[in-house]
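Participant: One structure follows; several queries about it will come next.
The values are calculated or read from the model by the stated rules, or taken from the named source; none is laboratory data. All values derive from a computational prediction rather than experimental measurement. Cβ atoms come from the backbone with ideal geometry, glycine included; neighbour counts cover every protein chain shown.
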């Protein structure tokens, strides 16, 4: 039952004075490591009050000049609840820009509260909300410099809702940027939203910020955001806000994560395999959260090879203790006597990097690249369905990445640096094993040999490198795979829905680029004079493209050999149709699409089109 109150200000003051604000926490998923990054705190008033809803609560505060007081009370309630539940990861606290200048936040009160609760400042993210105009940006910048100097991180909320937060992003350079839920809802079926978010992603890469997609409410949008490479996600599909939130990912979210796209990188741990965090796992026996510092110190003394010691509460990891930090603190006068019997939680990192065992090596590397420097020394904790499994070191990660890069370079084409035959075959096998439908396209340059013989290998190399660039530009780096078989032959694995349009884009761009490589007379004539295979001087057409494409569905092929054979046959059909009856090349290029079901016994239905 809601009690009606005549005076909102009186009710609001009563709620704050009696400590009746209560926070709920919504988990934020880090896609890169398949683990929770942390929680956003959302405030609620008493259930029997007309100010129960946050919009009513803050509207009353704004109308009565109590915004700063309310935000201060919200921060304190959130921090105390977060610490009381011993939640892992970061805590995102909503702050209006004007309240950044509140003396209680900037002059040490919050820092003292954090020390009292045992929370490190680097676990707190101040999330700036755009519900008021910033009138003094330089003063806000100076305040943020103050907070960053004490370890806090910054996020801006609802990117895309208005122009002001784009300005905030460019000026404040936050560590996290939240994409407004309008752009996330339905993104799987809306190309406009998809490209808006892709533009935001490009900006984030330039600014070294991590994007958080808000408002993920269905499986399709979840998978789309994940496959785009967005760093983090938040929404009802992942978890609803709760007073006692989930501490690890549910089986449903883990299943959705398993739907992620096949990794495109040629850096593999062997045919069809991609190294994960489990490959780097070292089984270190953890200590319970209640263990004393003396116990931890004894573990380090007994094992000189032990660099870090994980701390668990039951099966769940809650912290990590660094050997050198621990020994350095105990080496100071009277520290052992003062802190020896106290809980090891006093000296542990409460926000270690925790990753799921299935997180790929590339995802781990991306995470460490943007993480605070101490993670490079401490490494990371590996979990399985939220339970502690072991630890991994950054040194082992770097060694694995180096080995993978050397392997990738060994099989890369020296002229274009694109993946060669071995990585192409491995990627096709990964696609087949994942039962993911794709299109295999074999690209060949027609009339390349006479061009290469007439103008020299250097000009020929220019044409090959130009085609490699055009293929990369026309492909979606998040979905498609571009390989270089050798010479003037290329192989592309398309998963883009508009793959056919992309092929025609390459054909048209290649034709235009080749024309620009020739002189005015050659361009007007559509070719040049050169010796043919019999040594006779004859007219040669300008190089064009022949592309043979074949759709591969689940179960159509058993290995990369069958895919290569089908694509090769399609390419031969394209080249066969590339000549007119009098033997002259058709202008532009050819795309032949094998329409039949590969590996089936249905009749062959083929289509051929040309660009004139």
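Participant: Any idea how many residues of the range 442-466 are in contact with a helix residue (DSSP H, G or I) (Cβ under 6 Å, 6 or more places away or on another chain) and surrounded by fewer than 20 Cβ atoms within 10 Å (Cβ to Cβ)?
Facilitator: Qualifying residue count, the range 442-466: 1.
Participant: Could you please let me know if residue 93 is surrounded by 21 or more Cβ atoms within 10 Å (Cβ to Cβ), assigned to a helix (DSSP H, G or I) and at negative phi?
Facilitator: no
Participant: Of all residues in the range 332-357, how many are in contact (Cβ under 8 Å) with a residue 40 or more places away in the chain and either farther than 24 Å from residue 227 by Cβ or surrounded by fewer than 20 Cβ atoms within 10 Å (Cβ to Cβ) (or both)?
Facilitator: Of the residues in the range 332-357, 15 are in contact (Cβ under 8 Å) with a residue 40 or more places away in the chain and either farther than 24 Å from residue 227 by Cβ or surrounded by fewer than 20 Cβ atoms within 10 Å (Cβ to Cβ) (or both).
Participant: Within the range 1-16, track down each residue that is modelled with pLDDT under 75 and surrounded by 11 or more Cβ atoms within 10 Å (Cβ to Cβ).
Facilitator: 2, 5, listed by residue number.
Participant: Which of the residues belonging to the range 296-322 are in a loop (DSSP other than H, G, I, E, B), out of contact with any strand residue (DSSP E or B) (no Cβ under 9 Å at 6 or more places or on another chain) and closer than 15 Å to residue 285 by Cβ?
Facilitator: Within the range 296-322, 303, 305, 306 meet the criteria.
Participant: Further question on the same structure: Give 376, 364, 368, 397 a once-over and let me know the one that is outside any strand (DSSP E or B), crowded, with 24+ Cβ neighbours inside 10 Å and out of contact with any strand residue (DSSP E or B) (no Cβ under 6 Å at 6 or more places or on another chain).
Facilitator: None of the others qualify; the one that does is 364.
Participant: Still on this structure, please answer the following. Given (1) assigned to a strand (DSSP E or B); (2) without any contact (Cβ under 8 Å) to a residue 24 or more places away in the chain, identify the lone condition not met by residue 178.
Facilitator: All conditions are met except number (2).
Participant: Only one of (1) surrounded by 15 or more Cβ atoms within 10 Å (Cβ to Cβ); (2) without any contact (Cβ under 8 Å) to a residue 12 or more places away in the chain; (3) more than 30 Å from residue 138 (Cα to Cα) fails for residue 191. Which number is that?
Facilitator: (1) is the only condition that residue 191 fails.
Participant: Hey, could you check the range 283-305 for residues that are loosely packed, with under 15 Cβ neighbours inside 10 Å and within 32 Å of the chain's Cα centre (by Cα) and say which is farthest from residue 357 (Cα to Cα)?
Facilitator: Within the range 283-305, the match that is farthest from residue 357 (Cα to Cα) is 285.
Participant: Pick from 59, 83, 77: which is outside any strand (DSSP E or B) and either over 30 Å from residue 233 (Cβ atoms) or touching a residue at least 40 places away in the same chain (Cβ under 8 Å) (or both)?
Facilitator: From the options 59, 83, 77, the qualifying one is 77.
Participant: Also: Can you tell me how many residues within the range 185-207 are out of contact with any helix residue (DSSP H, G or I) (no Cβ under 6 Å at 6 or more places or on another chain), at pLDDT 85 or above and within 26 Å of residue 97 (Cα to Cα)?
Facilitator: 5
Participant: Only one of 219, 208 is under 22 Å from residue 351 (Cα atoms), in the same structural domain as residue 142 (by TED's automatic domain parsing) and surrounded by fewer than 17 Cβ atoms within 10 Å (Cβ to Cβ). Can you tell me which?
Facilitator: Result: 208 is the single residue among 219, 208 that is under 22 Å from residue 351 (Cα atoms), in the same structural domain as residue 142 (by TED's automatic domain parsing) and surrounded by fewer than 17 Cβ atoms within 10 Å (Cβ to Cβ).
Participant: Any idea which of 439, 422 is assigned by TED's automatic domain parsing to the domain that holds residue 471 and surrounded by fewer than 20 Cβ atoms within 10 Å (Cβ to Cβ)?
Facilitator: 422
Participant: Mind checking whether some residue in the range 509-526 is at pLDDT 90 or above, in the same structural domain as residue 470 (by TED's automatic domain parsing), under 40 Å from the mean Cα position of the chain (by Cα) and closer than 17 Å to residue 440 by Cβ?
Facilitator: No - not one qualifying residue is present in the range 509-526.
Participant: Filter the range 323-346 for residues that are out of contact with any strand residue (DSSP E or B) (no Cβ under 6 Å at 6 or more places or on another chain) and either under 30 Å from residue 211 (Cα atoms) or assigned to a loop (DSSP other than H, G, I, E, B) (or both); which is modelled with the highest pLDDT?
Facilitator: 342
Participant: Residue 98 - would you say it is assigned by TED's automatic domain parsing to the domain that holds residue 222 and crowded, with 19+ Cβ neighbours inside 10 Å?
Facilitator: In short, no.
Participant: Cβ-Cβ below 6 Å, separation at least six or inter-chain, first residue in the range 237-248 and under 17 Å from residue 74 (Cα atoms), second not in a loop (DSSP other than H, G, I, E, B): which pairs?
Facilitator: From residues that are under 17 Å from residue 74 (Cα atoms), the pairs are 241/24; 241/26; 241/42; 242/24; 243/24.
Participant: In addition: Among the numbered conditions (1) over 23 Å from the mean Cα position of the chain (by Cα); (2) loosely packed, with under 14 Cβ neighbours inside 10 Å, tell me where residue 473 comes up short.
Facilitator: Unmet for residue 473, out of (1) over 23 Å from the mean Cα position of the chain (by Cα); (2) loosely packed, with under 14 Cβ neighbours inside 10 Å: (1).
Participant: Pick out the one residue from 180, 227 that is surrounded by 14 or more Cβ atoms within 10 Å (Cβ to Cβ) and out of contact with any strand residue (DSSP E or B) (no Cβ under 8 Å at 6 or more places or on another chain).
Facilitator: 227
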